[in-house]
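What follows is one structure encoded as structure tokens, with my remarks underneath.
The values are calculated or read from the model by the stated rules, or taken from the named source; none is laboratory data. Quantities reported herein were computed from a predicted structural model and do not represent experimental measurements. Using ideal geometry, Cβ is built from the backbone for each residue, glycine included, and neighbour counts are taken over all protein chains shown. What goes into the accessible areas is simple: the full protein's heavy atoms, side chains included, and nothing from ligands, DNA or RNA. Shrake-Rupley method; radii C 1.70, N 1.55, O 1.52, S 1.80 Å.
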Amino acid sequence: MRCVALEPPRNRSPEMALSSFLNMARKDVDIPKNAPQALMRGLHSDYIQKYESKKESFDYVSADYLRMSGVYWCLTAMDLMGDLNRMTKDDVVRFVKDCQKSSGGFGAAENHDAHLLYTLSAVQIALTYDFVEELDVNAIVRYVQSRQNEDGSFGGDRYNEFDTRFTLCALATLHLLGRLDEVDVDMAIDFVLRCHNPDGGFGTRPGSESHAGQVYCCLGTLAVTGRLSMIDEERTAEWLAQRQCAESGGLNGRPDKLPDVCYSWWVLASLAILRRLDWIDRDAMVKFILACQDDETGGFADRPGDVADPFHTVFGLAGLSLLQYPNLEPVNPVFCMRKSALKRLEL
């Protein structure tokens, strides 16, 4: 049996290391002996380009409710591989502009209501293709302002479902636009801190179970506002390190769950934000991510042998980028965008 993270780094006590080992995920998956062991960049680039071009396919049409984020996933995957030129820029720019609503926010598609999730994706796409000045930025800011509640949280849309995901979406959007001071940041941070659990993780709202996706959202929020020092970073990093599964080397989202390639982003990015990426077994992690590639169609699946999709493809590539896998562009751990695209903005 393979044991991961059994020997503690210098800045972890033996007690913390023992806790990490005893709490290590019990559920796991097997990696087939014939699983891919190297990155098939060309195949993935072809996969994304074909997916983007099949606008009449069932898979494409059925994903209409998350189209804006889907475009962001595809563009970012291509950008990290250095193949952004294979995408159709004019179509993307036109699509994003058509999705801005009278409220200032963006919908998943032209006939969908505005939502903070898709507003952030739209801004990320605009930054990737450098057309932010063609959007109504003041309207975007007003929309984000309108979504903040009295307790500091943010509702995703007009129905006001609130969640720490939407706090990150709101503050990240404003940060990328250079307008972070347009909302009550202190209240937003107070809400996030009330979602911090004794185990070191974060939930969707106060009292909710810790989840790796929420940890990423809350750490990202604290990072863009310069408030990381307000939490016990080592305790949170310890919870994250415990997400690595013993046999496969993959990462799960919470205890006793199966590993999933998307957590190669949520967990690794969180550890990168905390400057503790070395708290996981890099080689085992790389092996798991590579095993999730589809060597026939291209793309990454959630686990070895499953069906590939753009969501897991971008986060598989982004996870490999964080681990400094060769021939991938460096990725920013907060925004999941190519670092050089953000340097243009002096962020």
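Here Lys50 is the anchor, and the aspartates and glutamates within straight C-alpha reach of less than 13 Å, apart from those fewer than 8 places off in the same chain, are Asp59, Asp309.
Just the number, please: carbon plus sulfur as a percent of the accessible area of the chain, 1.4 Å probe, no ligands or DNA/RNA counted. Show your work: numbers first, answer last.
Values: 7120 of 14900 Å².
Carbon with sulfur: 48 percent of the solvent-accessible area.
Could you name the aspartates and glutamates in cross-link range of Lys33, using Cα to Cα under 17 Å and dropping any fewer than eight places away on the same chain? Here the aspartates and glutamates satisfying the reach criterion relative to Lys33 are Glu247, Asp283, Asp294, Asp295, Glu296, Asp306. Using Rg and Dmax of the Cα atoms in Å as the read-out, say which of (1) 22.0, 71; (2) 20.9, 70; (3) 19.6, 57 was calculated from these coordinates. Comparing each candidate, only (3) matches the computed number.
Can you work out the accessible area per residue across region 105-185, with the rest of the protein chains kept in place, probe 1.4 Å, in square angstrom?
Details: 3030 Å² over 81 residues.
Computed with neighbouring chains in place, this is 37 Å² per residue.
When you restrict to C-alpha pairs under 8 Å that are six or more residues apart and normalise by the size of region 133-269, the relative contact order lands at 18 percent. With R₀ set to 56 Å, the beta-carbon distance separating Ala35 from Arg142 gives a calculated FRET efficiency near 0.70.
If you take the square roots of the eigenvalues of the alpha-carbon gyration tensor of region 252-347 and sort them as a ≥ b ≥ c, do you get rounded (a/c under 1.5), prolate (a/b over b/c) or oblate? Numbers along the way, then the final one.
On the way: a/c = 1.91, a/b = 1.33, b/c = 1.44.
It comes out oblate by the Cα gyration axes.
For Asp190 and Lys97 in the same chain, what is the full-extension length gain: residue separation times 0.36 nm, less their Cα-Cα distance, in nm? Walk me through the intermediate numbers first.
On the way: separation 93, 0.36 × 93 = 33.48 nm, distance 3.40 nm.
Full extension of this stretch gives 30.1 nm more.
Within straight-line reach of Lys54, meaning a Cα separation under 17 Å, sit the following lysines at least 8 residues removed in sequence or on another chain: Lys89.
Rounded if a/c is under 1.5, else prolate if a/b is larger than b/c, else oblate: which is region 190-245, with a ≥ b ≥ c the root eigenvalues of its Cα gyration tensor?
Numbers: a/c = 1.66, a/b = 1.24, b/c = 1.34.
Verdict is oblate for region 190-245.
Under the convention that each Lys and Arg Cβ holds +1 and each Asp and Glu Cβ holds -1, the size of the dipole of the chain around its Cα centre is about 500 debye. Shape index of region 116-229: Rg/Rh, with Rg the Cα radius of gyration and Rh the Kirkwood radius from the inverse mean 1/r over Cα pairs, equals 0.97. The packing ranking of peptides 164-172, 111-119, 79-87, highest mean first, is 164-172, 111-119, 79-87, where packing means the average number of other beta carbon atoms within 10 angstrom of each residue. Taking every protein chain into account, the accessible area of region 217-269 amounts to 26 square angstrom per residue (probe 1.4 Å). Each stretch of four or more DSSP H residues adds -39500 (n - 2.57); spread over every residue of the chain, this sum gives -13500 deg cm²/dmol at 222 nm.
Relative contact order, whole percent, for the chain stands at 22, derived from Cα pairs under 8 Å and 6 or more residues apart.
As a length-normalised measure over Cα pairs under 8 Å and 6 or more apart, the relative contact order of region 229-273 settles at 29 percent.
Computed over protein heavy atoms with a 1.4 Å probe, the accessible surface of region 293-334 works out to 38 Å² per residue. Classify region 195-302 from the C-alpha gyration tensor, please: rounded if a/c falls under 1.5, else prolate or oblate depending on whether a/b exceeds b/c. It is prolate, given that a/c is not under 1.5 and a/b is the larger ratio.
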